[in-house]
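First up is the structure itself, then whatever we jot down about it.
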Amino acid sequence: MHGINPATEKSNGKAILLIHPLGYSAKSAGQDISRVANIMPPLGLASISAYLSSHGLDNDIIDCYAHPDSDDLIIDCLRKDQPQFIGFSCTTSSFFDGERLARLAKSILPEIQVVFGGVHVSAMQEQVLAVYPSIDYVVVGEGEETLRELLEIPADQRGKVAGLVLRDSTGTAFFTGRRKELLDLDSLPFPDYAKLAGYPEAYTLPIFNYPKAPNGSCLSSRGCPYACSYCDRSVFKRSFRYNSAEYLYRHLRYLNETYDIRHLNFYDDQFTFNRQRVVDFCRKVIAEPLGMTFNCAARAEHLDFELLELMKAAGCWMISLGIETGDEELLAAHRQNPDLEMMREKIMLIKKAGIRVKGLLMMGLPGETEASIRKSQKYVYSLPIDDFNLAKFTPFPGSPVYRQIKEGGGSMGIFHEDWEKMDCMQFQFIPKGMEPERLEELFIDFYRTHFQRPRVIWSYVTMLWKSPDSWLRFLRNLPSFIRFTSTNKRIGNGD
């Protein structure tokens, strides 16, 4: 057992309470179309939790997103366990809710130390401590080792911990610099799913995106080698690491045997980037079947028919591709390899292999026009995709385009930097030459026209036998889906 800070030993065994904030008022959670459609477990927190536990640092997780009415539970845990630290993993839109809970924690335990991690604070760094006195530390980048060291060493030595933002003796925030050595992902324990209350039933994959329940999510890599303008790079920069095929197989077997998971969604940015890893994994699954299916995301240039056939045989049910826009000129301004004809060919190969295809798109990128949106519609409607997701472009701190927009002084468009609304479901950036009202009209038209096409309607009818659980969820929440398609609002009651 590693050395634990004496202050931690004075608590009832809990070194830290880890929190995943909801991001808005709990009373609105039932009307949130995003939660109705998909509740993803906080895999990063679960991984950190398992790592801390493996080093003798007792901890717990409260996921407010899955369980919105958690304020009282947090208060009870603070009073009972009196942990030395409370940690928050936040997106941009959930940051203020996390900061609210940090202030709540300090009102109960004035000496508790507050640490924030995640993409938003990794991008903002010193600015967070300069503005928010309730926050004592920010973990920049990968969290496991930095947080372990923070919990274990005395307060006067914490300035030596790499990957940390903290205050000096004058109260000025400073960054200790990024960690030079990153963890071998195969050395990590599996995420501590047991600390996620109600797992797996409390979590749901996107509706119509899976054949069976219970289902789950998994991360088998970290980072991405590409440099698209719209992607946040604040945590992993352009590093890319992945679990071996053997580790991946053991992880799936653990989830299947422990939680009866029957379908898994890999949330990796680039599941097929290392082709041999996927080949080895698929051959292992084919040789020793687990009775599971899986989804993944990939870039078109890292797919070929031989690989797709192998993935299908191993249980691949759906592949998501980042199309982003059907305007090749606009696409070229924001990502590498903007070849829409190549994209079409790879989609045809995926379908030929018998795998479903989901297209991922954005509306409102810098340079977007009504003409480019119409091009996107025409392109997407010409593809044999089974599902698609249209996000409202959001310039997140940590992405290259965020800096370009901020430095552009309005030359690229109007940016309303309201962190609480930066969730990819609200237009916070309006491209130059466009009006917000017209963007909303075009967004609704894109979705409505898609769902009115006979081929799409029939595809969803077939989900009656391909994904019956999805249909049950859809019917239970039919009013919420109707409201979203007609009003384009994420949360009902005008919120």
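Scanning the stretch 65-81 for residues being of a type in the set (A, V, I, L, M, F, W, C) and either open to solvent by 10 Å² or more (accessible area, probe 1.4 Å) or touching a Cys at 6+ places or on another chain (Cβ under 6 Å) (or both) gives a total of 4. A residue that is open to solvent by 50 Å² or more (accessible area, probe 1.4 Å) and at positive phi can be found somewhere in the stretch 415-433. On the given criteria, is ILE373 of a type in the set (Val, Ile, Thr), surrounded by 22 or more Cβ atoms within 10 Å (Cβ to Cβ) and part of a helix (DSSP H, G or I)? Criteria met by ILE373. Before we move on, is GLU437 open to solvent by 80 Å² or more (accessible area, probe 1.4 Å), outside any loop (DSSP other than H, G, I, E, B), over 18 Å from GLY367 (Cα atoms) and of a type in the set (Asp, Glu)? Answer is no for this residue. None of PRO395, PRO384, PRO400 is open to solvent by 10 Å² or more (accessible area, probe 1.4 Å), within 22 Å of the chain's Cα centre (by Cα) and touching a residue at least 12 places away in the same chain (Cβ under 8 Å) except PRO400.
Among the residues of the stretch 356-370, those identified as among the charged types (D, E, K, R) and buried (at least 17 other Cβ atoms within 10 Å of the Cβ) are ARG356, LYS358, GLU368. In the stretch 463-488, the residues that are closer than 22 Å to ARG262 by Cβ form Cβ pairs under 9 Å with partners that are open to solvent by 60 Å² or more (accessible area, probe 1.4 Å) and of a type in the set (A, V, I, L, M, F, W, C), at six or more places apart or across chains, as follows: TRP471/LEU464.
Does at least one position in the stretch 403-426 carry a residue that is assigned to a helix (DSSP H, G or I), within 17 Å of GLU324 (Cβ to Cβ) and of a type outside the set (Val, Ile, Thr)? Looking through the stretch 403-426, at least one residue is assigned to a helix (DSSP H, G or I), within 17 Å of GLU324 (Cβ to Cβ) and of a type outside the set (Val, Ile, Thr).
Among the residues here, TYR379 does not qualify as among the aromatic types (Phe, Trp, Tyr), under 30 Å from ALA123 (Cβ atoms) and open to solvent by 10 Å² or more (accessible area, probe 1.4 Å). Note on the stretch 82-94: residues that are crowded, with 19+ Cβ neighbours inside 10 Å and farther than 28 Å from PRO395 by Cβ total 4. Which of the residues belonging to the stretch 330-355 are open to solvent by 20 Å² or more (accessible area, probe 1.4 Å) and modelled with pLDDT of 95 or more? The answer is GLU341, MET342, ARG344, GLU345, LYS346, MET348, LEU349, LYS351, LYS352, GLY354.
The single residue among SER28, SER107, SER47 that is among the polar types (S, T, N, Q), more than 22 Å from VAL138 (Cα to Cα) and assigned to a helix (DSSP H, G or I) turns out to be SER28. ASP186: open to solvent by 10 Å² or more (accessible area, probe 1.4 Å) and either touching a residue at least 40 places away in the same chain (Cβ under 8 Å) or in a loop (DSSP other than H, G, I, E, B) (or both), yes or no? It is true that ASP186 is open to solvent by 10 Å² or more (accessible area, probe 1.4 Å) and either touching a residue at least 40 places away in the same chain (Cβ under 8 Å) or in a loop (DSSP other than H, G, I, E, B) (or both).
Going by the structure shown, is TYR447 among the hydroxyl-bearing types (Ser, Thr, Tyr) and farther than 22 Å from VAL235 by Cβ? So TYR447 fits the description; yes. From LEU18, LEU22, LEU52, grab the single residue that is crowded, with 20+ Cβ neighbours inside 10 Å and over 21 Å from the mean Cα position of the chain (by Cα). After applying the criteria, what remains is LEU52.
Among the helices (runs of 4 or more DSSP H) confined to the stretch 440-489, the ones with at least 1 residues that are in contact with a Ser or Thr (Cβ under 8 Å, 6 or more places away or on another chain) and surrounded by 13 or more Cβ atoms within 10 Å (Cβ to Cβ) are located at 463-466, 468-476.
The values are calculated or read from the model by the stated rules, or taken from the named source; none is laboratory data. Remember, predicted model here, so these are calculated numbers, not experimental data. For neighbour counting, all protein chains shown are included, and Cβ atoms are generated from backbone atoms with ideal geometry for every residue, glycine included. To get the accessible areas, we keep the full protein, side chains included, count just its heavy atoms, and leave off ligands, DNA and RNA. Shrake-Rupley method; radii C 1.70, N 1.55, O 1.52, S 1.80 Å.
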